[in-house]
Amino acid sequence: MGQISDSVFFNRSNANPFASLTQAIIGTVDLSVRVTPLLEVPIVLNVRARAFADGTYPLATVTAAPPYPQTYTVGSSSAAVGTLVGTLLTSLGTPGNLTLELRDPAPLVPTALVTSTISAALSPVLSTLGLVLRPVLETVLMATVDQLLRLLGIGIGEAVFTVGGVGNVCTVTGVVYHDRQPDGARDAESWDGPTTFVNAVTGGRVQASAQVPAGAGTFTLALGEGTYTLPVARTAAATSAGNPSGFVFVSPLNGTRTVTVTAASTSVPEQEFGLFQGDRLSGVVFRDDGRGASGAAHDVTRQGDETALAARTLTVSGTRAGAAVTRSAVTAADGSYTLYVPGDWTGVTFRSGATATEVVTGVRLNGVAALTGDVSDPALRDYALPTPSGADQTLNAGLTGRVGLTPDRSGRGEAPLTVRYAHTFTPGTTGTVSFATTGGFSGQVFLDSDCNGVVSDAERTAVSSVTVDGSWPRLPDGRLRSCALEVEVTVPAGTAVGTTRATFATASLVWAGRPDVQDLASVTDTTTVTPGAELVKTVENLTRADGVVATAVDALPNERLRYCLNVRNTTPDLLTGVTVSDTLQGVAAYVPGSLTLEGAALTDAADTDAGEIVTRTVTVRLPDLAVGDTRRVCFEVLVP
């Protein structure tokens, strides 16, 4: 009752439109005022009023029975209309809601008399309005408004609802705990983090929420039938998981579980959420050598066919309360790993598991790469991590091999001498390798280019550089295959016995794609000049049979002589592959069948035994000569 604008009344966002309700004139009152004993003056008063019906309809209980759905109506128009009118009249009696005012000027009536007359009339007017308005309003509401509403299927004061079915409500219980190991299993651990919430979400809305303060960490939710996601969240209104400050989710990793309440459910227990205070560090360790058609080496981005490195032990180290602390993890078959860094650690570093024959090409933390500038860069071997703050950090590490030449060798022999020292060359990674020899005696390098383990005669062309690329043979685990390499050292004639010199062979590698990074390997080949084997040639005149054996004898025509070649090993080493040759001089004729080795006859033909004579040249291959051993080769000639 009163005045209110349509824009206010029909504005559904206005929670209290009646605050804008103002008075309206709802009628007049005619009065006569005695001014003097002989003078009465008639006056007319406007009745101004504002009022509204307000109240709570009594609650009703409905018992629903199957089959469903069932539609029910509660309340009645007769009861509701009386309540509405009653609260309207009560509101009208609120001071200030009903007022009287002089409609027309009354100059003959003193102002004080007008004021007292209005005040005296207010109560009778209110009483009269109550008596008059109640039956009128009740009749109008029942006869018109209620009938119009019934065309829509509902009356004044009625509520219509449909019961679609009866569902089960049960308790869902669980715990939020600090997983200190972390291992995803609760070991009587409680929650010592900030207050958090476990929300039940379905249809994109939070249906229930449980606050979890520090302490036991337990929570209980009462949920009806249906499937819900249960995220651990920072607020009661959040529909997705949010890790509490300083913590990361461990179990489950996404901080969300799913539960289903059925008609048969009595409870859904043991919904556990484990969180770790600190950072989670995860990523992949791989061989960053550009393997494969689309691979690029030494850029800390795994691509192409670059090999994941399994079974590598990775460590994080730091300080806690002044003491050194470490944690470690082993990479899986795909090179992946996960490490947890406690939040109370300081000065944290990461070590990527590089061996002594490997180098860290770089690390990529949360997408930002730090590339090595030196194969011995200590900043990457022990990489500094940010202070733990409850974040998921992604760190990938690239490793590759170092160039290698092994082992050092030594040799000795009689000058002039050529010694071939056998080595193993390991390229380590892709790039360009340059070979060089310096110091000592002159040398040159021969490479087993097909990596079959032997430097063949066809490969005995000195090399100064080689390109290691995708065509280089690899081992089954993806590493570049090592190959045979020979350093040939030449000792010139006339070099004094006892001379010792070192020849240094180097392999210098420039990384593919990173010409600023070089790696170096070297070997030392030490050569010593030693005395040669001793050869003494003696002769004996067999015809005279005088027993004289000397370096020279007299002989007459038709006399028979025996020559012997005496070979003694005077070197400090075992001699192998020694061959003795002697070419007949002058006119003396070789006596067929006279060739012997240590007194044992040898055939003259070039066959399977150790000796032969070809075109007046006697050749015998000696067995191995130990230090100090002597071997004797003899043959006979006839003086013509």
- Only one of Thr171, Thr196 is under 30 Å from Gly215 (Cβ atoms), touching a residue at least 60 places away in the same chain (Cβ under 8 Å) and polar (S, T, N, Q), namely Thr171
- Of the residues in segment 366-381, those that are under 14 Å from Asp299 (Cα atoms) and among the hydroxyl-bearing types (Ser, Thr, Tyr) number 1
- Query: Does Gly586 satisfy the criteria of being on the phi > 0 side of the Ramachandran plot, small (Gly, Ala, Ser) and without any contact (Cβ under 8 Å) to a residue 24 or more places away in the chain?
  - Reply: yes
- Query: Which of the residues that make up segment 318-371 are in a loop (DSSP other than H, G, I, E, B), among the hydrophobic types (A, V, I, L, M, F, W, C) and crowded, with 16+ Cβ neighbours inside 10 Å?
  - Reply: Trp345, Ala354
- Message: Filter segment 287-305 down to the residues that are surrounded by fewer than 19 Cβ atoms within 10 Å (Cβ to Cβ) and at positive phi and list them by number.
- Response: Gly292, Gly304
- Boolean, Asp573 is closer than 24 Å to Val497 by Cβ, charged (D, E, K, R), assigned to a loop (DSSP other than H, G, I, E, B) and touching a residue at least 12 places away in the same chain (Cβ under 8 Å): yes
- Query: Applying the selection to segment 537-567, what residues are over 13 Å from Val591 (Cβ atoms) and either under 60 Å from the mean Cα position of the chain (by Cα) or surrounded by 15 or more Cβ atoms within 10 Å (Cβ to Cβ) (or both)?
  - Reply: Thr538, Val539, Glu540, Asn541, Arg544, Val553, Ala555, Cys564, Leu565, Asn566, Val567
- Query: Considering segment 145-168 alone, what residues qualify as being surrounded by 12 or more Cβ atoms within 10 Å (Cβ to Cβ) and either touching a helix residue (DSSP H, G or I) at 6+ places or on another chain (Cβ under 8 Å) or polar (S, T, N, Q) (or both)?
  - Reply: Asp146, Gln147, Gly155, Ile156, Gly157, Glu158, Asn168
- Message: Whether any residue in segment 50-67 is in the same structural domain as Glu158 (by TED's automatic domain parsing), buried (at least 16 other Cβ atoms within 10 Å of the Cβ) and either out of contact with any helix residue (DSSP H, G or I) (no Cβ under 6 Å at 6 or more places or on another chain) or in a strand (DSSP E or B) (or both) is what I want to check.
- Response: yes
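Every residue, every condition in (1) of a type in the set (Lys, Arg); (2) assigned by TED's automatic domain parsing to the domain that holds Ala415; (3) in contact with an Asp or Glu (Cβ under 6 Å, 6 or more places away or on another chain), yes or no:
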{"residue": "Arg568", "(1), (2), (3)": "yes, no, yes"}
{"residue": "Ala588", "(1), (2), (3)": "no, no, no"}
{"residue": "Ser594", "(1), (2), (3)": "no, no, yes"}
{"residue": "Thr603", "(1), (2), (3)": "no, no, yes"}
{"residue": "Thr608", "(1), (2), (3)": "no, no, no"}
{"residue": "Thr617", "(1), (2), (3)": "no, no, no"}
{"residue": "Leu622", "(1), (2), (3)": "no, no, no"}
{"residue": "Arg631", "(1), (2), (3)": "yes, no, no"}
- Odd one out for Leu575, checked against (1) surrounded by 15 or more Cβ atoms within 10 Å (Cβ to Cβ); (2) at pLDDT 95 or above: (2)
- Item | strands (runs of 3 or more DSSP E) lying entirely in segment 457-513 (those with 3 or more residues that are crowded, with 20+ Cβ neighbours inside 10 Å) | 483-491, 500-511
- Report yes if Val136 is under 24 Å from Gly93 (Cα atoms), of a type in the set (Val, Ile, Thr) and at pLDDT below 90, otherwise no. yes
- Task: Please find, among Val419, Val433, Val403, the residue that is over 49 Å from the mean Cα position of the chain (by Cα) and either crowded, with 18+ Cβ neighbours inside 10 Å or in the same structural domain as Phe504 (by TED's automatic domain parsing) (or both).
- Result: Val419
- Which of (1) touching a Lys or Arg at 6+ places or on another chain (Cβ under 7 Å); (2) crowded, with 18+ Cβ neighbours inside 10 Å; (3) more than 23 Å from Ala391 (Cβ to Cβ) is the odd one out, the single condition Arg312 does not satisfy? (1)
- In segment 359-393, anything closer than 17 Å to Leu509 by Cβ, free of Cβ contacts under 8 Å to residues at least 60 places away in the same chain and among the charged types (D, E, K, R) is listed as Asp377
- Query: Has segment 529-548 got any residue that is assigned to a loop (DSSP other than H, G, I, E, B), basic (Lys, Arg) and at pLDDT 95 or above?
  - Reply: no
- Message: Let me spell it out: the conditions are (1) assigned to a loop (DSSP other than H, G, I, E, B); (2) exposed (fewer than 12 other Cβ atoms within 10 Å of the Cβ), and Pro124 meets all of them except one. Which number is the exception?
- Response: (1)
- Among strands (runs of 3 or more DSSP E) entirely inside segment 381-452, those with 1 or more residues being aromatic (Phe, Trp, Tyr) are 417-426, 431-438, 442-447
- Message: I'm checking my understanding of the structure. Among residues of segment 614-638 that are assigned to a loop (DSSP other than H, G, I, E, B) and in contact (Cβ under 8 Å) with a residue 60 or more places away in the chain, which one is farthest from Val567 (Cα to Cα)?
- Response: Gly628
- For segment 1-31, the count of residues that are within 17 Å of Ala120 (Cα to Cα) and surrounded by fewer than 10 Cβ atoms within 10 Å (Cβ to Cβ) equals 1
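The values are calculated or read from the model by the stated rules, or taken from the named source; none is laboratory data. Keep in mind the model is a prediction, meaning the values are calculated, not measured. For neighbour counting, all protein chains shown are included, and Cβ atoms are generated from backbone atoms with ideal geometry for every residue, glycine included.
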